[in-house]
């Protein structure tokens, strides 16, 4: 639907299927001319989940700043390689809060992240990746470190037959830490950058391909 002014619209928490109000992802759908929904099929599922959580968790002033991300969300389309892209986002999430790891355990956190990267590239065995995930999870349990848990989830995703659970846990864990301790809007900006890089890298390696036009969001 054409004619929306991003400076004028308001973002509201929750979903609003039968009202003029809208959350971030509902406005993404509307400005691209799609039916109103908070889960438009033309946006990566993991990115959508983060956007929904931020929209609902932020205070009203911060929530309105999410409008600036709408044009970029229109570019975060799903890909055939979304499982591998999700693992890349999990690894990015682990690096985004690595500094929160207790200093004496940073080597454990880094080892899990490196194992995840290596498994994705095929240079680390499944067994070594799983061992690194277990070590990070056990260390996280001992000291109550979200950063270690997120690294463990990233490694677990990299060596799992179905990585979605690990990717969701890693990204949501980093997001929850940011909502309490950091700058969630800057973090979301970094996540969208990481998604764009991951898409490009997977396309270069031949894992991605073009989608049909119906799956591409664009400003109407």
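Laboratory data are not the source of any read-out in this text; all were calculated from the coordinates shown. Source: prediction; values computed, not measured.
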Nearest 10 degrees, 0 to 90: what angle lies between the long axis of helix 126-143 and the longest principal axis of the chain (Cα atoms)?
80 degrees
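What's the extension gain from residue 164 to residue 64 if we count 0.36 nm per residue and subtract their Cα-Cα distance?
Details: separation 100, 0.36 × 100 = 36.00 nm, distance 2.96 nm.
The residue 164-residue 64 span can extend by a further 33.0 nm.
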With 0.36 nm assigned to each residue of separation and the Cα-Cα distance removed, residue 128 to residue 106 gains 6.1 nm
Taking the Cα atoms of segment 82-204, report the difference between the largest and smallest coordinate on each principal axis, in whole Å and largest first.
39, 36, 21
By how many degrees, 0 to 90 and rounded to 10, does the Cα axis of helix 45-57 deviate from the longest principal axis of the chain?
70 degrees
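Tell me what the chain gives for mean residue ellipticity at 222 nm when only DSSP H runs of n ≥ 4 count, each as -39,500 (n - 2.57), the sum divided by the residue total, rounded to 500 deg cm²/dmol.
Numbers: 10 runs with 133 residues, N = 220.
Taken over the chain, the calculation gives -19500 deg cm²/dmol.
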Stretch gain in nm, segment residue 189-residue 21, where the contour uses 0.36 nm per residue and the Cα spacing is subtracted
58.1 nm
If you line up the long axis of helix 106-121 against the longest principal axis of the chain, both from Cα atoms, how many degrees apart are they, to the nearest 10?
70 degrees
Take the alpha carbon atoms of the chain, find their radius of gyration, then divide it by 2.2 N^0.38 Å using N residues; give the quotient.
1.05
